[in-house]
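Trainee: Mind having a look at this structure? Questions to follow.
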Amino acid sequence: MVYYTQLTQEERYHISVLCKERFPKAEIAHRLNRHPSTITRELKRNTGKHGYRAKQAHHNASYRRHPAKKAIKLTRETIRLIIEKIKEKWSPEQISWRLRRIHIYISHERIYQYLLDNKRKGGKLYKQVKLSF
């Protein structure tokens, strides 16, 4: 299975050189062992008035990546909030969206995983949510 990794600065320099030599996007992707859509998106996002520049592209990508919200691990306080809302008959989707309002980023899938784990350990929390386990 192939996992996604972000483009490195070195790969961006390769893209820059190959673009200047007018290689097709598919060939650039092949040479970098990347999917063609990755190259297309990279060029679309990071081509400026003077063409594709690797250093500028890497800076822009890093700048966009910096403020990306990271999911936090389940803390005791977060679990307490989740349990409280489940007892109020909220769905994991509703809980996830409500937690975002207070800057806690837990996906509804993670909440479902927590409920399944709770069930496996003999807990009854899953019974308070309409789930198909």
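Let's see how each residue does on (1) modelled with pLDDT under 95; (2) surrounded by 12 or more Cβ atoms within 10 Å (Cβ to Cβ):
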residue	(1), (2)
MET1	yes, no
THR5	yes, no
GLU10	no, no
HIS14	no, yes
GLU27	no, yes
ARG31	no, yes
THR40	no, yes
HIS50	yes, no
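Trainee: Pairs under 6 Å by beta carbon, first residue under 12 Å from LEU7 (Cβ atoms) in the stretch 21-41, partner assigned to a helix (DSSP H, G or I) and of a type in the set (D, E, K, R), six or more apart or different chains?
Mentor: Every condition considered, the pairs that remain are LEU32/GLU11; ILE39/LYS25.
Trainee: Given the criteria in a helix (DSSP H, G or I) and without any contact (Cβ under 8 Å) to a residue 60 or more places away in the chain, does ILE83 qualify? Show your work before the answer.
Mentor: On the way: in a helix (DSSP H, G or I): yes; without any contact (Cβ under 8 Å) to a residue 60 or more places away in the chain: yes.
Yes.
Trainee: Give the residue that is farthest from ARG65 (Cα to Cα), with candidates limited to residues of the stretch 19-53 that are assigned to a helix (DSSP H, G or I) and among the acidic types (Asp, Glu).
Mentor: Among them, the one singled out is GLU27.
Trainee: Could you list all residues from the stretch 62-104 that are at pLDDT below 90, surrounded by 11 or more Cβ atoms within 10 Å (Cβ to Cβ) and among the small types (Gly, Ala, Ser)?
Mentor: SER62
Trainee: If the Cβ limit is 8 Å and pairs must be 6+ apart or interchain, which residue in the stretch 104-133 that is under 16 Å from THR78 (Cα atoms) and of a type outside the set (Lys, Arg) pairs with which residue that is assigned to a helix (DSSP H, G or I) and modelled with pLDDT under 90?
Mentor: LEU115/LEU125; LEU115/TYR126; ASN118/LEU125; ASN118/TYR126
The values are calculated or read from the model by the stated rules, or taken from the named source; none is laboratory data. Since the model is a prediction, treat every value here as computed from it, not as a measurement. All Cβ positions, glycine included, derive from the backbone under ideal geometry; neighbour counts span all protein chains shown.
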